[in-house]
Every structure is written in C-alpha cells, then in structure tokens.
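The values are calculated or read from the model by the stated rules, or taken from the named source; none is laboratory data. Since this is a predicted model, take the numbers as computed values, not measurements. All Cβ positions, even for glycine, are placed from backbone atoms using ideal geometry, and neighbour counts span all protein chains on display. Quick note on the areas: whole protein, heavy atoms, side chains included, nothing else; ligands and nucleic acids left out. Shrake-Rupley method; radii C 1.70, N 1.55, O 1.52, S 1.80 Å.
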Amino acid sequence: MTDKSIQVILGDITKCKADAVVNAANTTLLGGLGVDGAIHRAAGMGLFWECLRLGGCKIGQARITGGHRLPAEFIIHTPGPKWKGGRRGEVLLLESCYRSSLALAEEHGCRSVAFPSISTGSYHFPLDQAAEIAVRAISEFLQCSRYVKEVRMVCFDPVAERAYREALKKRNSKEEQVHGRCIRKA
Ligand code: AR6
C-alpha cells in the first residue's frame, strides 16, 4: 500500500479537487439537507436534471454523475442507512456505501476520491462506529485497487475529524501487525 493513502481533512467537500466526490444522498437522489444540499447547491441545476434521470438508488448502493459546477469530475451518490439501533443491517449497509462508491470510482479510472462522513448527520449513525467502518472498508478496497490511490475523508467539524483520525490510527497499527499478509494484484 506504499503508493496509496487515506487522509483525514477538515473542510468543505464541495471545494474538493478530487477526481470524484461522494455525496451522502437519500434514495431519491434529488437533494436534501446537509452535505447533499451543499453539493446540489454548488453543482447547480444540471446535477438535479441528471439525477432525475437516474430514478433513485437503494440504500448501500451508488450512482455516478458528472461533477457539473464542482471542481470534481464526478459525483458519486450513495444513500446511507438511517441508524435504528444497529440491528437492522446498518453496519453492512454503511460498509456497502463505501465499497459501492469506490467500485464506481475505480470503474471510471479515478485516482482520488473524497468522502463525507456518510450517515452521521441527519441519519444519526454513531460517529466512532461509522468512522471505523469507513476506514476499514476504504483500506480493504485500496489493498487491491488499480486506479484509486488516494482517498480523503473530508470532515466538516473537528469532532468528526478527531473520530476519523482516531479510527485511522487504530487501523494503521492493526495493519502493521498483519503486514505482509495481503497479496495484491499487479
Ligand atoms: N462538506 C463535508 N461534510 C459536510 C458538509 C460539507 N459541505 N456539509 C455537511 N457535512 P448529512 P447523512 C457533514 O446529514 O447523515 C440529507 O438531507 C455533516 O456535518 O449531510 O448521511 C440527505 O438528503 C455530517 O458529518 O448526511 C439525506 O436525506 C456528514 O456530512 C440525509 O441528509 C453527513 O451528514 C443523509 O443523512
């Protein structure tokens, strides 16, 4: 994984110059509050019309559009799960949001991808758990990706930033312990 990285940054994802930015959408894909609202406002009505043609998306899956007025080339939209206590498959669904989004980025040859903290705002997923799931799903994906090399977690506030940094630190020390175990594709 020497040529690949996960970074945690504090900032506004609509300003991010990654090849693809991910949107924490809802199943209509037609915009909403939070990061979804910010992305739709910044990208403009062209994004709304493109999303309308997609006809929605299931929780845990992902769809891709152009970046419109964002600096990113693509926007990947993924509806996260609402937290309902943890026994309704929320963990697997959140993991699936990260995997499906990264698979689309890879399919489109993206080198850099920026994620917001999916499901931890209006959908109330516990932040520390969400951060751990995100970091695990991303680092597992990076072990075998061909095009995707750089993934940024873009946190909107210092509390989220701290949670993702902590999750990354834990993951890195775990990976050091199992170093050499993974067989990567060329
Ligand atoms: N850049 C980066 N992160 C942001 C930004 C931004 N510009 N704005 C907010 N965040 P949320 P969810 C953070 O509620 O929980 C919408 O109405 C925010 O601080 O946006 O997946 C959709 O339409 C939080 O840490 O997404 C859905 O209905 C994180 O993004 C629903 O909310 C996610 O918060 C999705 O809820």
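Listed here are the residues, each with its yes/no results for (1) modelled with pLDDT of 95 or more; (2) open to solvent by 70 Å² or more (accessible area, probe 1.4 Å); (3) under 11 Å from the mean Cα position of the chain (by Cα).
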position	(1), (2), (3)
115	yes, no, yes
125	yes, no, no
147	yes, yes, no
152	yes, no, yes
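Output yes when any residue across the stretch 72-83 is among the hydrophobic types (A, V, I, L, M, F, W, C), in contact with a Cys (Cβ under 8 Å, 6 or more places away or on another chain) and within 15 Å of the ligand (Cβ to nearest atom), and no when none is. Yes, the stretch 72-83 contains at least one residue that is among the hydrophobic types (A, V, I, L, M, F, W, C), in contact with a Cys (Cβ under 8 Å, 6 or more places away or on another chain) and within 15 Å of the ligand (Cβ to nearest atom). Inside the stretch 83-122, residues that are farther than 21 Å from residue 10 by Cβ and part of a loop (DSSP other than H, G, I, E, B) make up a count of 11.
Name the residues in the stretch 69-86 that are within 19 Å of residue 28 (Cα to Cα) and open to solvent by 10 Å² or more (accessible area, probe 1.4 Å), would you?
74, 82, 83
Yes or no: the stretch 91-109 includes at least one residue that is under 17 Å from residue 154 (Cα atoms), within 11 Å of the ligand (Cβ to nearest atom) and open to solvent by less than 10 Å² (accessible area, probe 1.4 Å). Yes, some residue in the stretch 91-109 is under 17 Å from residue 154 (Cα atoms), within 11 Å of the ligand (Cβ to nearest atom) and open to solvent by less than 10 Å² (accessible area, probe 1.4 Å).
Screening residue 69 against (1) within 11 Å of the ligand (Cβ to nearest atom); (2) of a type outside the set (Asp, Glu); (3) closer than 27 Å to residue 147 by Cα leaves a single unmet condition, (1). Within the stretch 5-51, the set of residues being in contact with a strand residue (DSSP E or B) (Cβ under 7 Å, 6 or more places away or on another chain) and surrounded by fewer than 19 Cβ atoms within 10 Å (Cβ to Cβ) comprises 5, 7, 9, 10, 11, 27, 34, 50.
Here is a yes/no grid of residues against (1) hydrophobic (A, V, I, L, M, F, W, C); (2) at pLDDT 95 or above:
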residue	(1), (2)
88	no, yes
136	no, yes
140	no, yes
168	yes, yes
181	no, no
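Annotation note: of 47, 52, the sole residue that is within 14 Å of the ligand (Cβ to nearest atom) and among the hydrophobic types (A, V, I, L, M, F, W, C) is 47.
Look through the stretch 1-32, keep the residues that are of a type in the set (A, V, I, L, M) and farther than 19 Å from residue 65 by Cβ, and return whichever of them is farthest from the ligand (Cβ to nearest atom). Out of the qualifying residues, it is 1. Considering the stretch 154-173 alone, what residues qualify as being open to solvent by less than 70 Å² (accessible area, probe 1.4 Å) and within 15 Å of the ligand (Cβ to nearest atom)? Listed by number, the residues that qualify are 154, 155, 157, 160, 161, 163, 164, 167.
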